[in-house]
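Undergrad: The following block contains the structure, expressed as structure tokens.
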Amino acid sequence: MSKVKTMSTLRVLAPVLAIASLSLAGMASPADAAGGSSKPRSGGFSFEGPLGTFDQAQLQRGYKVYREVCSACHSMNLLSFRTLGERGGPFYDPEAASPAENRFVKALAADTQIADIDTETGDPIMRPGIAADKFPAPFPNATAAAAANGGAVPPDLSVMTKARAGGADYIYSLLSGYPETPPAGLKVNDGQYYNPYMTGDMKPFWSGDPEHVPPGGFIAMAPPLVEGQVTFDDGTVSSVDQMAKDVSAYIAWASDPRATERKQSGMGVLAFLAIFAGLTYASYRKIWKGVAH
Amino acid sequence: MSGHESTYVPKTGIEKWLDTRLPIVRFGADYLALPTPKNLNYWYTFGAILSICLVVQIATGIFLAMHYQPNTAMAFASVERIMRDVNGGWLIRYVHSNGASMFFVAVYIHMLRGLYYGSYKAPREMIWILGCIIFFLMIATAFLGYVLPWGQMSYWGAEVITNLVGAIPLIGEPVLIWLRGGPAIDNATLNRFFSLHYLLPFVIFGVVVLHLWALHTAGQNNPVGILIPREREKKDTVPFHPYYTVKDGFALLIFLMMFAVFVFFMPNALGHADNYIPANPLVTPAHIVPEWYMLPFYAILRAVPDKFGGVVAMFGAIGILFVLPWLDTSKVRSMRYRPTMKIFYLIFVLNGLILGWCGAQLPDAAVVPGMPSFFLIDGQLNSYLWLTRLSTLYYFAFFVVIMPFVGLKETPLRIPLSISEPVLSGPDAMSGAVPAQAEKKG
Amino acid sequence: MAESVVNAEHPEGGAPEGEATRRDFIHIAAGAAAVGAGVMVAWPLINSMNPAADTLALSTTEFDTAKVQEGMQVVITWQGKPVFIRNRTAAELQKVLADPMSSLKDPQSDQDRTKPGHEPILVVLGNCTHLGCIPTFGAGDYGGWFCPCHGSHYDASGRIRKGPAPTNLVVPEYAFTAGSTIKIG
């Protein structure tokens with residue numbers, strides 16, 4: 001049999017091609033508009049990487065920031081209180097019979113008021129929450145949310161980490177990245193705030209050096225975090241940077257509560273597949289032994 | 001099927017009973033015993049991998065459908081409920097979404113293999129055509145499925161692609177309204193897309209059965225590209241089981257390991273973040289892009305300035321594949337022995353990657369930043385618009401110009417007389433080493 | 001099987017006799033791993049049909065038993081099923097307390113079915129333990145309930161007295177929280 005030399009090179013190139021096409025897929029995000037936004041700063045999160053896990057203390061602080069600051073405008077419609085008590089979550093208690101019977105979860109739920117119907121009269125009432133309730137939304141619908149926020153609807157945060165390129169690092173950078181004053185020469189409209197991490201194009205608003213258009217865009221949310229705003233029960237200093245990190249970690253958990261379970265089972269599956277592949281390869285070699293091919 | 005006599009002998013009472021009533025055991029045994037060329041390399045394992053991909057997608061899809069709600073008010077939330085509350089739901093969902101990507105990786109490699117080894121040439125034209133039908137159905141299924149989570153990309157991708165139907169002259173508008181079930185994409189559209197998405201994989205399954213039937217009729221090709229006559233079968237073939245069942249199994253496991261890396265460690269890497277924003281008909285995302293496996297066709301669509309022209313070009317890019325067996329004039333099947341064609345083929349593969357890359361870029365963006373260029377007709381020469389057009393031109397030229405021309409003009413390398421013996425023969429390689437009785441055997 | 005195929009068609013491919021067991025082992029091992037993989041794939045799919053977390057999260061409901069008049073019952077819904085809350089009269093209560101255990105198909109005293117200090121109040125699931133129909137209040141030979149589907153008779157303590165139902169009406173998990181209010185679930 002004559003094997004042409006280039007065919008063997010192709011054999012080597014081929015897996016490279018497969019990886020290349022998949023990398024292409026992974027990177028095929030469209031080019032940013034002119035100016036772009038600043039690359040997010042790393043929040044040093046514990047859950048990043050194939051072996052990452054959530055830091056329960058950080059999640060608890062993050063929940064507190066969400067509950068006391070963000071939930072005034074941002075809903076988290078896909079989360080229930082009992083989710084907080086699941087394994088890997090901020091208030092997981094191994095001694096609780098189930099997440100719904102977790103005492104912290106019940107207490108946190110009881111702190112909120114949930115709209116409900118009176119079981120006897122049918123009238124709308126407000127009652128203390130229970131574990132099975134979903135997080136209450138600050139506004140009854142999108143129109144009310146927009147009306148209360150100058151026309152911009154505060155987005156739901158349930159899957160925000162997955163809904164933004166850059167994930168938790170992006171949210172952290174955005175929240176802690178508001179400059180004290182916008183760069184001179186940038187026209188900022190009322191109700192808008194400049195943030196270098198926000199996507200956008202500042203060229204039309206920039207009257208300074210055309211070679212150095214500031215990165216970023218306008219966001220309708222005023223800087224939400226103020227130093228010392230939330231008192232953390234574990235004594236952690238509530239700087240803007242700390243609160244931004246903690247709430248980003250919390251949102252990352254809320255977006256993907258199964259992340260740790262997923263990564264751990266992934267390790268197991270890969271290990272099993274590797275062993276299985278090894279056995280199958282040995283079987284394959286045994287079967288083909290002696291057959292010239 | 002391909003003229004091979006059945007070697008199956010029913011042994012037990014049940015086997016004999018079944019054999020005279022419904023010979024499925026015979027069918028299975030013959031399938032496993034089928035003499036297969038012994039020189040098949042790992043590129044040939046992707047057929048089996050694809051079958052498993054189809055089974056995986058159908059199985060995960062059926063279980064997802066037990067929890068998914070095809071209603072615009074509930075769809076997004078129902079997917080997140082699957083991710084959070086349904087036992088193992090996150091796993092089933094990520095396997096399904098990444099499985100679609102893996103399905104397309106495998107199908108592209110499978111098609112490129114068929115292209116390289118001339119598996120589309122006589123007598124295997126039907127296998128190729130059925131394969132093209134499967135590919136088209138896969139694209140349709142993937143498009144329908146992507147709409148279901150009802151994210152921003154779901155909605156706006158559906159908006160863009162269904163609008164193409166509106167570009168058809170005369171009948172376009174009424175057909176568009178019929179397709180959507182209303183003036184805009186809404187609940188009616190979502191519901192019917194769910195129904196069709198559930199249906200098409202079973203249609204694919206049926207066409208796969210035909211595809212395999214055609215394969216067993218015409219016989220399996222091999223990297224040398226020569227037919228294997230009956231008298232050479234003993235030396236040049238091995239039974240499908242256990243030689244290729246185990247080889248396919250091993251290749252499948254490596255493939256599954258790559259699959260697992262995506263599912264467990266980067267499940268959203270191949271998707272788009274905007275699809276985690278619930279669909280909003282009043283807000284268009286900054287950049288509407290389809291999933292990566294549709295990018296080359298999306299690029300071709302945007303290369304043509306006319307809307308309907310773009311649609312014709314896009315469907316034409318898939319349609320041209322159907323007539324490939326008649327475009328290639330070469331007497332030699334395998335590009336192993338076609339050095340000139342091989343170079344064009346390599347460029348074709350690279351061109352495909354470039355087309356895919358272009359599909360995700362803004363047409364105005366510069367390809368080489370900073371390089372001066374001039375304005376040509378409707379865009380800068382140094383822009384993705386013109387790079388896409390160049391790539392699209394090569395794509396079509398490959399089939400319509402290069403294949404026919406190179407097939408006639410090139411001088412192929414000498415082809416071995418048979419798979420087993422390193423004996424070279426003359427250029428008459430189509431009929432194998434037995435010029436007198438070139439039987440049409442696998 | 002694999003060996004015989006190899007030996008018949010490719011005699012040069014067979015290994016010497018002594019290695020036969022080792023060759024068998026690797027194929028069996030690979031096959032066993034395949035079976036294991038099959039189970040690993042099937043289990044999450046089958047388990048996904050088990051109740052999801054939101055279904056499992058106990059929903060509780062509260063009710064003020066003071067609303068039930070003596071001798072009457074109120075029907076509420078809990079976890080998608082009807083619940084009877086019955087306020088037995090003194091006469092009914094005396095009768096069910098006096099009934100001997102030997103006359104019961106599913107022996108259980110009325111005290112075991114009520115909370116101390118709230119004996120007149122009986123809380124039971126409103127589904128007949130035979131095949132699930134909802135029994136009619138006040139009907140039947142024992143002054144409790146009568147199930148029209150197949151003729152099961154329950155007494156005022158919800159115990160099965162006559163008919164095909166195998167067990168007494170189920171008392172769900174509940175507790176008195178404040179005064180006359182109960183929390184079910």
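Here, each number is a calculation from the coordinates, and none is a lab measurement. Just so it is clear, the structure is predicted and the values come from calculations on it, not from any experiment. Neighbour counts are summed over all protein chains in view; Cβ atoms, including those assigned to glycine, are modelled from backbone coordinates with ideal geometry.
Undergrad: State which entries of A:289/B:16; B:11/B:235; A:64/A:106; B:121/B:235 exceed 26 angstrom in Cα-Cα distance in the structure shown.
TA: A:289/B:16; B:11/B:235
Undergrad: Could I ask something else about it? Treat every Asp and Glu Cβ in the protein assembly as shown as -1 and every Lys and Arg Cβ as +1, leave all other atoms uncharged, and give the resulting dipole magnitude about the Cα centre to the nearest 20 debye.
TA: Rounded to the nearest 20 debye, it is 3200 debye.
Undergrad: Another one. Can you list the DSSP H helices in chain C whose Cα atoms extend at least 27 Å along the helix axis and whose mean Kyte-Doolittle hydropathy is 0.0 or higher?
TA: Span-like helices in chain C: C:20-47.
Undergrad: Moving on to the next point. Evaluate the relative contact order of chain B (contact order divided by residue number), counting alpha-carbon pairs under 8 angstrom at least 6 apart; express in whole percent.
TA: 21
Undergrad: Name the shape class, rounded, prolate or oblate, that the alpha-carbon gyration tensor gives for the range C:106-153, where a ≥ b ≥ c are the square roots of its eigenvalues, rounded holds for a/c under 1.5, and otherwise prolate holds if a/b is larger than b/c and oblate otherwise.
TA: Cα axes put the range C:106-153 in the prolate bin.
Undergrad: Per 5 Å bin, what is the whole-percent P(r) computed from every C-alpha pair distance within the range B:150-277?
TA: Calculated P(r), rounded to whole percents: 2, 7, 9, 11, 12, 12, 11, 10, 10, 8, 5, 3, 1.
Undergrad: Do you know the relative contact order of chain A, to the nearest whole percent, from alpha carbon pairs under 8 angstrom that are 6+ apart?
TA: Relative contact order of chain A: 23 percent.
Undergrad: Average projected area of the Cα convex hull of chain C, in nm²?
TA: 18.8
Undergrad: Whole-Hz ³J(HN,Hα) for each residue in the range B:335-344, computed from phi via Karplus 6.51 cos²θ - 1.76 cosθ + 1.60 with θ = phi - 60°, x for glycine and proline: what do you get?
TA: Residue by residue, the range B:335-344 yields 6, 4, 10, 10, x, 5, 4, 4, 5, 4 Hz.
Undergrad: So for chain A, considering every pair of alpha-carbon atoms, how many percent are separated by more than 34 Å?
TA: 40
Undergrad: If you don't mind, there's one more thing I want to ask. Please build a GNM for chain C, connecting alpha carbons under 10 Å apart, and tell me which residue among C:50, C:127, C:168 fluctuates the most.
TA: Top of the fluctuation ranking is C:50.
Undergrad: At 222 nm, what value in deg cm²/dmol follows for chain A if DSSP H runs of at least 4 each add -39500 (n - 2.57) and the sum is divided by all its residues, to the nearest 500?
TA: Taken over chain A, the calculation gives -12000 deg cm²/dmol.
Undergrad: Given H placed on each backbone N at 1.01 Å, which residues far from residue C:174 in sequence or on other chains put an amide H within less than 5 Å of it?
TA: Close amide H contacts, sequence-distant or interchain: C:185.
Undergrad: Additional query: Sort B:401, B:367, B:332, B:86 so the one with the fewest other Cβ atoms within 10 Å of its own Cβ comes first.
TA: B:401, B:367, B:332, B:86
Undergrad: Considering the range B:63-144, what Rg and Dmax in Å follow from its alpha-carbon atoms?
TA: 17.7, 53
Undergrad: Give the Cα extents of the range A:163-291 along the principal axes, in whole Å, largest first.
TA: Here the spans come out as 78, 46, 19 Å, largest first.
Undergrad: Now, a different point. For chain B, what does -39500 (n - 2.57) per DSSP helix run (n ≥ 4), summed and divided by total residues, give at 222 nm, in deg cm²/dmol to the nearest 500?
TA: -19000 deg cm²/dmol
Undergrad: Please identify the GluC sites (Glu not before Pro) of the range A:176-240 that satisfy two criteria: DSSP loop assignment and at most 10 other Cβ atoms within 10 Å. Which are they?
TA: Of the GluC sites (Glu not before Pro), the ones in loops of the range A:176-240 whose Cβ has at most 10 other Cβ atoms within 10 Å are A:180.
Undergrad: Let me ask something else about it. Hey, fewest Cβ within 10 Å first, where do B:204, B:14, B:177 land in order?
TA: Lowest to highest Cβ neighbour count: B:14, B:177, B:204.
Undergrad: Provide Rg and Dmax in Å for chain B, with only Cα atoms included in the calculation.
TA: Rg then Dmax for chain B, in Å: 24.3, 81.
Undergrad: Round to a whole angstrom and tell me the spacing of the C-alpha centers of the range B:55-102 and the range B:287-327.
TA: One Cα centre to the other: 29 Å.
Undergrad: Out of residues 5 or more away from residue C:152 or on other chains, whose amide H comes under 5 Å of its own, with H placed 1.01 Å from N in the peptide plane?
TA: Hits under the 5 Å cutoff: C:147.
Undergrad: With each pseudo-label sitting 7 Å past Cα toward Cβ, what's the residue A:241-residue B:318 distance in nm, one decimal?
TA: So the two model labels end up 5.3 nm from each other.
Undergrad: Can you pull out the trypsin sites (Lys or Arg not before Pro) in the range A:125-231 that DSSP calls coil and that have at most 12 other Cβ atoms within 10 Å?
TA: Listed in order of number, the matching sites are A:187.
Undergrad: Next question, about the same structure. List the residue ranges in chain A for DSSP H helices whose C-alpha atoms run 20 angstrom or more along the long axis and whose Kyte-Doolittle average is -1.0 or above.
TA: Sorted by number, the helices that extend far enough and score high enough are A:5-27, A:240-255, A:259-288.
Undergrad: Dipole of chain A, Cα-centred, from +1 at each Lys and Arg C-beta and -1 at each Asp and Glu C-beta, to the nearest 20 debye?
TA: 2140
Undergrad: Averaged across B:265-275, how many Cβ atoms of other chains sit within 10 Å of each residue's Cβ atom?
TA: That average works out to 5.
Undergrad: Which values, in whole Å and largest first, are the semi-axes of the equivalent ellipsoid of the range A:149-198 obtained as the square root of 5 times each eigenvalue of the Cα gyration tensor?
TA: Those come to 23, 16, 8 Å.
Undergrad: Let me have the 222 nm mean residue ellipticity of chain C computed from DSSP H runs of 4+ only, each contributing -39500 (n - 2.57), with the sum over all residues rounded to the nearest 500.
TA: So the helix-based figure for chain C works out to -8500 deg cm²/dmol.
Undergrad: Please arrange C:119, A:95 by counting, for each residue, the other beta carbons lying within 10 Å of its beta carbon, fewest first.
TA: Listing C:119, A:95 from fewest to most nearby Cβ atoms yields A:95, C:119.
Undergrad: Mind listing P(r) for the protein assembly as shown? All alpha-carbon pairs, 10 Å bins, whole percents.
TA: Over the protein assembly as shown, the share of Cα pairs per 10 Å bin runs 2, 9, 16, 18, 17, 14, 11, 7, 3, 1, 0, 0 percent.
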